[in-house]
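Working notes, beginning with the structure itself.
The values are calculated or read from the model by the stated rules, or taken from the named source; none is laboratory data. As the structure is a prediction and not an experimental result, all values here were calculated from the model. Glycine gets a Cβ as well: all are built from the backbone with ideal geometry, and neighbour counts include every protein chain shown.
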Amino acid sequence: MQKLTALILTLIMAGCVFPGVYKINVQQGNILTDEELTSLAEGMSRSQVHSLLGTPLMTNPADPSREYYVYTFQRSGGDIKEQRVIVYYDNDQYSHYEAQLLEETPAY
């Protein structure tokens, strides 16, 4: 009887193994594609750029000639992948941009 009880308790305890914590994918910021960036035209107003790319994640109050679009993605607690786009303006008109895009956007 004791062997049977010990066997049952062993089987019950084996089923209680903690599998770990589930970690979700975390994405934040503006997802921008190369197609969206190539559709920018020199001389566009800020509102036209915002309607095309969305609201920038960061603006510099000391230098309003730049806007920052940042996107980060972290898959299940792994490494954080980041892309950055800086949009430049001359007298509130779009001038050019600098981009460090991800090879593939994981969210798509």
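Among the conditions (1) over 19 Å from Leu101 (Cβ atoms); (2) part of a loop (DSSP other than H, G, I, E, B); (3) out of contact with any Asp or Glu (no Cβ under 9 Å at 6 or more places or on another chain), Leu40 misses just one, which is (1). Note on segment 83-103: among residues that are among the polar types (S, T, N, Q) and assigned to a strand (DSSP E or B), the one that is nearest to Gln28 (Cα to Cα) is Gln83. Note on segment 73-108: residues that are within 11 Å of the chain's Cα centre (by Cα), closer than 12 Å to Leu32 by Cβ and at pLDDT 90 or above amount to 2. Among the residues of segment 25-65, the ones that are closer than 16 Å to Glu104 by Cα, over 16 Å from the mean Cα position of the chain (by Cα) and free of Cβ contacts under 8 Å to residues at least 60 places away in the same chain come to 2 in all. Restricted to segment 53-82, and to residues there that are of a type in the set (S, T, N, Q) and outside any loop (DSSP other than H, G, I, E, B), the residue that is farthest from Glu98 (Cα to Cα) is Gln74.
Can we say Val70 is hydrophobic (A, V, I, L, M, F, W, C), in contact with a strand residue (DSSP E or B) (Cβ under 6 Å, 6 or more places away or on another chain) and modelled with pLDDT of 95 or more? Step through it out loud before you land on a result.
Working: hydrophobic (A, V, I, L, M, F, W, C): yes; in contact with a strand residue (DSSP E or B) (Cβ under 6 Å, 6 or more places away or on another chain): yes; modelled with pLDDT of 95 or more: no.
It is false that Val70 is hydrophobic (A, V, I, L, M, F, W, C), in contact with a strand residue (DSSP E or B) (Cβ under 6 Å, 6 or more places away or on another chain) and modelled with pLDDT of 95 or more.
Restricting the search to segment 68-89, which residues are among the β-branched types (Val, Ile, Thr) and surrounded by 14 or more Cβ atoms within 10 Å (Cβ to Cβ)? Correct list: Val70, Thr72, Val85, Ile86, Val87.
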